[in-house]
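> The structure is given below, and queries will be raised subsequently.
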Amino acid sequence: MKKIRIVIEKWAHGGFSLAHVEGRPIFITGGIPGEEVDITIEKEEKKVSFAKVTDILKKDKIRTESDCNLFGECGGCSYRHLPYQEELNLKKKLLLELFPDVKGELEVLSGSPVKYRNNVQWQMDGGQIGFYGRFSHNLLPVETGCPNLPDILQPKLWQDKFQNRKDKKQKRELRVSDPSGTDLAKNQKAKPAVLNSERETTHVRVGEMVFSIPPTGFFQINTGLILPWLNQIKEYIGTADSCLELFCGVGLIGLGLGIPWKRYQGYEINQQAIEFAKRNADEMRRTRMEFVTKDLYSQNLPKEAMTIGTWIVNPPRSGLNDRIIAQMESARPKKIIYSSCNPQTLKRDISLLMKKGYESARMCLVDFFPRTHHYEVLVDLRLEL
């Protein structure tokens, strides 16, 4: 692989730093702006290259020793060479580059930067388990453990169990199923159930509520930050007692807010998720809540939904589409609370909504995914009168 010596210029989105060689952009993993480093080109595209740091000739003072021996090889983490507070500062800086006109102080919610995940997808090959390498499907055995996982999900507990299974599938998706709500980042001696989340129903406690999640169902992976995230949404909602939620999943937001809705409608394409949302509502004895299966990208909302004044949207990474934006323009709800896991599509959607008369009143960065380049963003959008 080709090696080059460069001085890193600046941070870039996507977990990279950036340099140029003969005018060609190179996105670098494991670097810090101002450092002089040797890099190895890992991937060439038509207009850009991707590389990793292999040697450091001039080190930045903020650099810290990684706590993972696979950092730089694994495709998961981006910032293990930074103190966690520096990572938060960087994520905040990059978000503000996308939204320079945000009103007020950009709020930040964060928790433990280690042992925070409630699930894992282990890859398997030749009797070994691990993760795929960056830009490849080559297995990297995780022999010393992953710092993002609690002890109960570490590979040392699962290696033999996977090898002895008759089913030799190339991956295993595991989720901690714990109705008691043990904080595994603080209590590593606890041993709640760990289930195959591709095949089994799992349960996650959030505050006083326990959510049932269907096999293959989506749920936030950082249990410790769910309640602060919900409290922030609740603060944005204010005194509203009616709500329309798009992409409601198993009802985490609508139910988790704990608001005694006079009227609530939640929509989601996944029929199994909707069935579990209804089940969760029944178990929590919540009434006046309607959950409906609908493909929001291709089907319009019913007329009665369009009269609700507060909307919550929590779409997948692709964000909203023209159909949903057009319905927002037609319904003109007074408030839209947008929770996004992709700042790029969030910027696109908010730019369109601002042209329709909305303004961003508040914004909050929620670091659901420490040590990676990912994070959640909450935006409180209000209709300008």
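The values are calculated or read from the model by the stated rules, or taken from the named source; none is laboratory data. Quick caveat, the model's predicted, so the values are computed rather than measured. Neighbour counts run over all protein chains shown; Cβ positions are idealised from the backbone, glycine included. With ligands, DNA and RNA removed, areas are computed over all heavy atoms of the protein, side chains included. Shrake-Rupley method; radii C 1.70, N 1.55, O 1.52, S 1.80 Å.
> Answer yes or no: is there a residue in segment 239-246 that is modelled with pLDDT of 95 or more, closer than 30 Å to K186 by Cβ, touching a strand residue (DSSP E or B) at 6+ places or on another chain (Cβ under 9 Å) and not in a helix (DSSP H, G or I).
Checked against the condition, which is being modelled with pLDDT of 95 or more, closer than 30 Å to K186 by Cβ, touching a strand residue (DSSP E or B) at 6+ places or on another chain (Cβ under 9 Å) and not in a helix (DSSP H, G or I), segment 239-246 yields no hits at all.
> Moving on to the next point. If we scan segment 134-147, do we find a residue that is outside any loop (DSSP other than H, G, I, E, B), of a type in the set (D, E, K, R) and open to solvent by less than 50 Å² (accessible area, probe 1.4 Å)?
The first filter runs over segment 134-147 and keeps only residues outside any loop (DSSP other than H, G, I, E, B), leaving 139-141.
Narrowing further to those that are of a type in the set (D, E, K, R): none.
Scanning segment 134-147, I find no residue that is outside any loop (DSSP other than H, G, I, E, B), of a type in the set (D, E, K, R) and open to solvent by less than 50 Å² (accessible area, probe 1.4 Å), so the answer is no.
> Yes or no: L346 within 30 Å of H13 (Cα to Cα), within 18 Å of the chain's Cα centre (by Cα) and assigned to a helix (DSSP H, G or I)? First the steps, then the outcome.
On the way: within 30 Å of H13 (Cα to Cα): yes; within 18 Å of the chain's Cα centre (by Cα): yes; assigned to a helix (DSSP H, G or I): yes.
Against the criterion (within 30 Å of H13 (Cα to Cα), within 18 Å of the chain's Cα centre (by Cα) and assigned to a helix (DSSP H, G or I)), L346 qualifies.
> Is at least one residue of segment 264-274 under 26 Å from the mean Cα position of the chain (by Cα), of a type in the set (D, E, K, R) and part of a loop (DSSP other than H, G, I, E, B)? Spell out how you get there, then give the answer.
Residues of segment 264-274 that are under 26 Å from the mean Cα position of the chain (by Cα), as a first pass: 264-274.
When the remaining residues are screened for being of a type in the set (D, E, K, R), the result is 268.
Of the ones still in play, those that are also part of a loop (DSSP other than H, G, I, E, B) are none.
Within segment 264-274, not a single residue is under 26 Å from the mean Cα position of the chain (by Cα), of a type in the set (D, E, K, R) and part of a loop (DSSP other than H, G, I, E, B).
> Further, regarding this structure: Please indicate, with yes or no, whether at least one residue in segment 88-108 is within 17 Å of H373 (Cβ to Cβ), part of a loop (DSSP other than H, G, I, E, B), open to solvent by 50 Å² or more (accessible area, probe 1.4 Å) and among the charged types (D, E, K, R).
There is no residue in segment 88-108 that is within 17 Å of H373 (Cβ to Cβ), part of a loop (DSSP other than H, G, I, E, B), open to solvent by 50 Å² or more (accessible area, probe 1.4 Å) and among the charged types (D, E, K, R).
> I'm trying to understand the selection: among the residues of segment 161-217, which are open to solvent by less than 30 Å² (accessible area, probe 1.4 Å), modelled with pLDDT under 80 and not in a loop (DSSP other than H, G, I, E, B)?
F162
> Only residues in segment 1-18 that are open to solvent by less than 30 Å² (accessible area, probe 1.4 Å) count as the first member; pair them with residues that are assigned to a loop (DSSP other than H, G, I, E, B) and modelled with pLDDT under 95, Cβ under 6 angstrom, at least 6 apart or cross-chain, and list the lot.
none
> Taking L381 as meeting all but one of (1) out of contact with any strand residue (DSSP E or B) (no Cβ under 9 Å at 6 or more places or on another chain); (2) modelled with pLDDT of 95 or more, write down the number of the exception.
Failed condition: (1).
> Would you be able to tell me the number of residues in segment 19-41 that are in contact with a strand residue (DSSP E or B) (Cβ under 6 Å, 6 or more places away or on another chain), surrounded by fewer than 20 Cβ atoms within 10 Å (Cβ to Cβ) and among the acidic types (D, E)?
Adding up the residues that qualify gives 2.
> Further, regarding this structure: I'd like the full set of residues that are free of Cβ contacts under 8 Å to residues at least 60 places away in the same chain, hydrophobic (A, V, I, L, M, F, W, C) and either farther than 16 Å from E22 by Cβ or not in a strand (DSSP E or B) (or both), limited to segment 40-54.
Hits for segment 40-54 are V48, V53.
> Sort out which residues of segment 72-83 are open to solvent by 40 Å² or more (accessible area, probe 1.4 Å) and touching a residue at least 40 places away in the same chain (Cβ under 8 Å), and write them in order of number. Steps first, please.
Of the residues in segment 72-83, the ones open to solvent by 40 Å² or more (accessible area, probe 1.4 Å) are 73, 75, 83.
Of everything in segment 72-83, those that are open to solvent by 40 Å² or more (accessible area, probe 1.4 Å) and touching a residue at least 40 places away in the same chain (Cβ under 8 Å) turn out to be E73, G75.
Residue-wise test of (1) farther than 19 Å from G238 by Cα; (2) touching a strand residue (DSSP E or B) at 6+ places or on another chain (Cβ under 6 Å); (3) open to solvent by less than 40 Å² (accessible area, probe 1.4 Å); (4) in contact (Cβ under 8 Å) with a residue 12 or more places away in the chain.
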residue	(1), (2), (3), (4)
Q272	yes, no, no, yes
R285	yes, no, no, no
K303	yes, no, no, no
T307	no, no, no, yes
I312	no, yes, yes, yes
S330	yes, no, no, yes
I337	no, yes, yes, yes
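> So, one more: Kindly indicate whether any position in segment 360-381 is assigned to a loop (DSSP other than H, G, I, E, B), touching a helix residue (DSSP H, G or I) at 6+ places or on another chain (Cβ under 7 Å), open to solvent by less than 20 Å² (accessible area, probe 1.4 Å) and of a type in the set (F, W, Y).
Checking segment 360-381: at least one residue is assigned to a loop (DSSP other than H, G, I, E, B), touching a helix residue (DSSP H, G or I) at 6+ places or on another chain (Cβ under 7 Å), open to solvent by less than 20 Å² (accessible area, probe 1.4 Å) and of a type in the set (F, W, Y).
> Mind counting the residues in segment 333-354 that are charged (D, E, K, R) and touching a helix residue (DSSP H, G or I) at 6+ places or on another chain (Cβ under 9 Å)? If you could, list the steps in order and put the result at the bottom.
First, pick out the residues of segment 333-354 that are charged (D, E, K, R): 334-335, 347-349.
Retained after the next criterion (residues that are touching a helix residue (DSSP H, G or I) at 6+ places or on another chain (Cβ under 9 Å)): 335, 347, 349.
Residues meeting the conditions: 3.
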